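Chemist: This is the structure I want to talk about, given as structure tokens.
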Amino acid sequence: MVYIWEFEFFDSDGIVDAVPCGSLGGGGTFGSDLNNAVESAADFLACMVDDHLMGGVDLPAPDFGHEPQHGGKIIAVAVSRELNDIPAVTAADAARMLGVSSARVSQLINAELLDSWKDGTKRMVSKASIEARLADAPKAGRPKEMPVAV
């Protein structure tokens, strides 16, 4: 499906900021020039769409014809995204990649530490959330006790 959203692009201290118009949520992105900022806005929109697709939640309806709020220009950005566009593995494969049990993967999903969704009878886990978990992997064993100051 194609998703279209308006962004305002404006100069800010030597970079070009890109802020979504309307009800897409807070945040935004930037680029070194307008072309780079439009590419970044497309990536931003794709991430927002992916989050909604994984959560099974519809995006707010886009509205058009926004006026610039920061003295910039309004440009519509479009991305084509489907749930199967998101790189993912099964929960069992995620467990192998993380070196944990399937039960632990379920715990991580329930704690929202891994992004997942159902695909028929299979639980899929996004590769990006697995990579993020591996990068921030907690050390094995119990945390060391901190000395108590007297």
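A short reminder: the numbers here are calculations on the coordinates, not readings from a lab. Nothing here was measured: the structure is a model prediction, and the numbers come from that model. As a convention, Cβ positions derive from the backbone with ideal geometry for all residues, glycine included, and neighbour counts pool all protein chains shown.
Chemist: Does any residue of region 96-115 turn out to be over 22 Å from Val49 (Cβ atoms), assigned to a strand (DSSP E or B) and polar (S, T, N, Q)?
Modeler: no
Chemist: Working only within region 14-33, note down all residues that are buried (at least 16 other Cβ atoms within 10 Å of the Cβ) and of a type in the set (A, V, I, L, M).
Modeler: Result: Val16, Ala18, Val19, Leu24.
Chemist: Quickly run through region 54-95 and pick out the residues that are closer than 30 Å to Ser106 by Cα, in contact with a strand residue (DSSP E or B) (Cβ under 8 Å, 6 or more places away or on another chain) and in a loop (DSSP other than H, G, I, E, B).
Modeler: Gly56, Leu59, Arg81, Ile86, Pro87
Chemist: Then there's this: Test each condition in (1) without any contact (Cβ under 8 Å) to a residue 60 or more places away in the chain; (2) crowded, with 17+ Cβ neighbours inside 10 Å for Trp117 and report the one that comes out false.
Modeler: With (1) without any contact (Cβ under 8 Å) to a residue 60 or more places away in the chain; (2) crowded, with 17+ Cβ neighbours inside 10 Å applied to Trp117, the lone miss is (1).
Chemist: Could you go through region 33-47 and let me know if any residue there is more than 24 Å from Ala128 (Cα to Cα) and assigned to a loop (DSSP other than H, G, I, E, B).
Modeler: Yes: region 33-47 contains one or more residues that are more than 24 Å from Ala128 (Cα to Cα) and assigned to a loop (DSSP other than H, G, I, E, B).
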